[in-house]
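Working notes, beginning with the structure itself.
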Amino acid sequence: MNAMLDATPTTGPIALLREDLRDFAGYRSARSEKLQGHIWLNANESPWANPADRDGALRRYPDPQPQQLREALAALYGCVPEQLLAGRGSDEGIDLLVRAFCRPGGDAIVVSTPTFGMYAVSARLHGTRVIDVPLREADGEWICDLSAIGDAAIAQSARIVFLCSPGNPTGALLPLKDIAALAGRLERRALVVVDEAYIEYAGAESAISLIGVQRNIVVLRTLSKAHALAAVRIGSVIGDAELIEALRRCQAPYPLPVACVAQALAALDGNAATTTRDRISAVQAEREGLQRRLASVRGVRRVYPSRANFVLVRFDDAQDAFERLLSVGVVVRDMRAAQGLGDALRISLGTPAQNAAVIGALEGVRA
């Protein structure tokens, strides 16, 4: 577990919060009041259940942050519940961070393209500048220049740096020591947000381990990928406890539907959790095999090393490859609109049979 450190507005990451939100209490919903009773008439709910609601529980608003879920997620990720905010996927976490720490029209974020597009989308919807320090290729691998990122963040007074590790769509993993060094350099200047949506597939230590030392590090995690709960939409923001409390004040009143919470708790317990671990191992094994087989396919220009559950591939003729895959019902992500990826497709790992179908469809790709 990470020990929580006392924070003050002048020394902790909470000092980076928008000044106009320092005393912002947010909306206090009826479920925020920890009251006890057996006749609940404080939330303008229907006194009768809907006829389609067999258990009669859905007429009540849900707990904004169910303690059982926060405890289960904290145990999974190696933090304490006070360091974790659960929300509607990582997307909500990204949006909350931008809204809470960036003044519209006055602040900026730093990204490194190609990367997950929601960082820039959230910033632009909020009127926040996006500074891009592009990734570069060297010896067939993607390099994230964290020194240049630090320079850009300082020079342009950015409030948030978004790092994706493993990267989407690159699959590249960032060394924790380099993340820690960047966070140390940007202490009291900017948050360093590490999006670890695919970290389970990397078999690597999480940046959560750094939070107790570098308190301006924030980590995003999700149940959508390795835990196979994309439709449940539960993600977590993990960071300094005071920062998490500030984000909670900015969050919508009832972000977690009861059915989604119940499904998440079931998925994190017992046999389901064991099966998840086994399937992560299966994906890792399939990834190595798919990368080798793709590299031998005629018309494949480059297969990048990946620590995620997908592989980024350059083709001599990406359109032909895309059409061949689609002709046998295989849908992959066309990355050609992304900066520097005009010949690339991103292929998610499937079952052994699905991965074999990918190779079968591509083996005739024209050089």
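The values are calculated or read from the model by the stated rules, or taken from the named source; none is laboratory data. On a predicted model such as this, the values are computed, not experimentally measured, just so you know. Virtual Cβ from ideal backbone geometry, glycine too; neighbours counted across all protein chains shown.
Condition check ((1) over 23 Å from ALA15 (Cα atoms); (2) aliphatic (A, V, I, L, M)) across all residues:
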| position | (1), (2) |
| --- | --- |
| LEU85 | no, yes |
| GLY89 | yes, no |
| MET118 | yes, yes |
| VAL121 | yes, yes |
| HIS126 | no, no |
| PHE162 | no, no |
| GLY171 | yes, no |
| LEU191 | no, yes |
Enumeration of residues in the range 179-197 that are surrounded by 24 or more Cβ atoms within 10 Å (Cβ to Cβ) and out of contact with any Leu (no Cβ under 8 Å at 6 or more places or on another chain): LEU186
Being in the same structural domain as PRO64 (by TED's automatic domain parsing) and closer than 20 Å to TYR254 by Cβ narrows ALA120, ALA86 down to just ALA86
Going through the range 321-334 in order, the residues found to be surrounded by 14 or more Cβ atoms within 10 Å (Cβ to Cβ) and either assigned by TED's automatic domain parsing to the domain that holds GLU141 or closer than 30 Å to SER112 by Cβ (or both) are ALA321, PHE322, LEU325, VAL330, VAL332, ARG333, ASP334
Would you confirm whether or not the range 91-98 contains a residue that is surrounded by fewer than 16 Cβ atoms within 10 Å (Cβ to Cβ), outside any loop (DSSP other than H, G, I, E, B) and either of a type outside the set (S, T, N, Q) or in the same structural domain as ALA262 (by TED's automatic domain parsing) (or both)? no
Could you run through the range 318-348 and say how many residues are touching a residue at least 40 places away in the same chain (Cβ under 8 Å), touching a helix residue (DSSP H, G or I) at 6+ places or on another chain (Cβ under 7 Å) and not in a loop (DSSP other than H, G, I, E, B)? 4
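Please find, within the range 335-367, the residue that is farthest from THR170 (Cα to Cα) out of those that are buried (at least 16 other Cβ atoms within 10 Å of the Cβ) and of a type in the set (D, E, K, R).
As a first pass, look at the range 335-367 and keep what is buried (at least 16 other Cβ atoms within 10 Å of the Cβ): 335, 338, 341, 343-350, 355, 357-358, 361-362, 365.
So of that shortlist, the ones also of a type in the set (D, E, K, R) come out as 343, 346.
On the way: ASP343: 14, ARG346: 9 Å.
The qualifying residue farthest from THR170 (Cα to Cα) is ASP343.
Which ones in the range 227-248 are small (Gly, Ala, Ser), over 18 Å from GLU71 (Cβ atoms) and buried (at least 20 other Cβ atoms within 10 Å of the Cβ)? Outline the logic, then answer.
Start the filter on the range 227-248 by keeping residues that are small (Gly, Ala, Ser), which leaves 228, 230-231, 235-236, 239, 241, 246.
Restricting the remaining residues to those that are over 18 Å from GLU71 (Cβ atoms) gives 228, 230-231, 246.
The answer is ALA246, and nothing else.
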Being more than 25 Å from ASP195 (Cα to Cα) and surrounded by 13 or more Cβ atoms within 10 Å (Cβ to Cβ): is that true of ALA318 here? yes
Expected output for the range 27-48 (first residue closer than 18 Å to GLN65 by Cβ, partner modelled with pLDDT under 85 and surrounded by 10 or more Cβ atoms within 10 Å (Cβ to Cβ), Cβ below 8 Å, 6+ apart or cross-chain) is ALA43/SER29; ALA43/ALA30; ALA43/ARG31
Against the conditions (1) crowded, with 18+ Cβ neighbours inside 10 Å; (2) touching a helix residue (DSSP H, G or I) at 6+ places or on another chain (Cβ under 7 Å); (3) outside the structural domain of LYS177 (by TED's automatic domain parsing), where does GLN251 fall short? Just the number, please. (3)
Would you please name the residue that is nearest to GLY171 (Cα to Cα), looking only at residues in the range 119-151 that are touching a strand residue (DSSP E or B) at 6+ places or on another chain (Cβ under 9 Å), in a helix (DSSP H, G or I) and among the hydrophobic types (A, V, I, L, M, F, W, C)? LEU146
Pick from TYR119, TYR77: which is surrounded by fewer than 22 Cβ atoms within 10 Å (Cβ to Cβ), aromatic (Phe, Trp, Tyr) and modelled with pLDDT of 95 or more? TYR77
